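Notes to accompany the following structure.
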Amino acid sequence: MGRLGLKIDVDTYAGMKNGVPRLLRVLNDFSVRGTFFLSIGPDNSGRAALQMIKNPLFLKKMLRTRAPSLYGWKTALYGTLLPAPMIALSFTQIVKEIINAGHEVQFHAWDHRRWQDELMTKSEKWISEWFVKGIDGFEKLTGKKPTAFGAPSWLIENRVLSIIKEYKFEYLSCTRAKTPFIHAIANLPEIPSDLPCFEEIDAQKGISIISDLLKDGGTHVLPVHAEVEGGIFQNQFRELLEKALDMNIEIVSLKAIKDKLDIKYLPSRKYKMELLPGRHSACAV
Ligand SMILES: [Zn+2]
């Protein structure tokens, strides 16, 4: 029987506030569970406007995905004309609801936007502090330390893999590789998101593209975004879950996938960076 892991990233304030409760209802309707990767700190989404000037692919993606309707105009101003609100830290109750519903909760980001736009130019100190602030906040919200990290935008670099050795992570989900592997440097198993997300392909076509990929009976991970599948693509997300369950596919958290992996047989290697179809910047694979 095939298995489908749900990797649900929460990247923005609006995604946490509106997208997560909607997704919790959808997942509850199907009695399935997944893994929520939370952005803890400030929502600096508005700084993306700077990216539009610097990166024409980003502007193209924003127009193609109708970003303003996807994310809302307010989100487009956070961190510039409007102050940056805290994401998970503003919604203690929603975090509790995720946990009480039996989902896995893990660490995605302190400041998602700045990581995604500025990681390569930042000092090692900045990266270390980013983790300290994020993990402190995560602990405040959940009473525990995270046991996994999923990097924003699937962007990592060698310094990140060295820094995270200090934390007791059990696995990473930082890449779009096709199959799990052991990260060289960090020496941790990687559970990659191997399927495309709705944002990268037309959502309606995406349902059949993704369900075709599930037909091989293997284990797959679907990247989901609270602000997208918990927003304008919620009906398509429902349809996809329905199809997967009709195909007798078990829908699970990433921890469940990690626990069934025979880690000693996984290859150890370094990640590579690659520009995937439908994305505006390179992802680790
Ligand atoms: Zn993200």
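Close Cβ contacts (under 7 Å, 6 or more residues apart or on different chains) running from residues in region 1-21 that are under 27 Å from GLU250 (Cβ atoms) and in contact (Cβ under 8 Å) with a residue 24 or more places away in the chain to residues that are in a loop (DSSP other than H, G, I, E, B) and within 12 Å of the ligand (Cβ to nearest atom) comprise LYS7/GLY150; LYS7/SER173; LYS7/SER193; ASP9/GLY150; VAL10/ILE87.
Of all residues in region 3-22, those satisfying the criterion of being within 16 Å of GLY231 (Cα to Cα) and away from the ligand (no atom under 14 Å from the Cβ) are LYS17, ASN18, PRO21, ARG22. Here is the figure for region 98-114: residues that are more than 15 Å from the ligand (Cβ to nearest atom) and in a loop (DSSP other than H, G, I, E, B) total 3. The residue of region 146-162 that is farthest from VAL132 (Cα to Cα), among those that are open to solvent by 10 Å² or more (accessible area, probe 1.4 Å), in contact with a helix residue (DSSP H, G or I) (Cβ under 9 Å, 6 or more places away or on another chain) and part of a helix (DSSP H, G or I), is SER153. Condition check: modelled with pLDDT under 95, within 15 Å of the ligand (Cβ to nearest atom) and either open to solvent by 20 Å² or more (accessible area, probe 1.4 Å) or not small (Gly, Ala, Ser) (or both). Does THR75 satisfy that? Judged against the criteria, THR75 is a match. Only residues that are surrounded by 21 or more Cβ atoms within 10 Å (Cβ to Cβ) and hydrophobic (A, V, I, L, M, F, W, C) were counted across region 163-176, and they come to 3. Would you confirm, using the coordinates I've provided, whether PRO223 is in contact with a strand residue (DSSP E or B) (Cβ under 7 Å, 6 or more places away or on another chain) and open to solvent by 30 Å² or more (accessible area, probe 1.4 Å)? Considered against the rule, which asks whether it is in contact with a strand residue (DSSP E or B) (Cβ under 7 Å, 6 or more places away or on another chain) and open to solvent by 30 Å² or more (accessible area, probe 1.4 Å), PRO223 comes out as no. Against the test of being touching a strand residue (DSSP E or B) at 6+ places or on another chain (Cβ under 7 Å) and not small (Gly, Ala, Ser), the options LEU161, LEU141 yield a single qualifying residue, LEU161. Of the residues ILE182, ILE263, the single one that is of a type in the set (Val, Ile, Thr), away from the ligand (no atom under 16 Å from the Cβ) and surrounded by fewer than 16 Cβ atoms within 10 Å (Cβ to Cβ) is ILE263.
The values are calculated or read from the model by the stated rules, or taken from the named source; none is laboratory data. None of these values were measured; they are calculated from a predicted model. Positions of Cβ are generated from backbone atoms using ideal geometry, with glycine treated the same way; all protein chains shown enter the neighbour counts. The accessibility values were calculated without ligands, DNA or RNA, using every heavy atom of the protein model including side chains. Shrake-Rupley method; radii C 1.70, N 1.55, O 1.52, S 1.80 Å.
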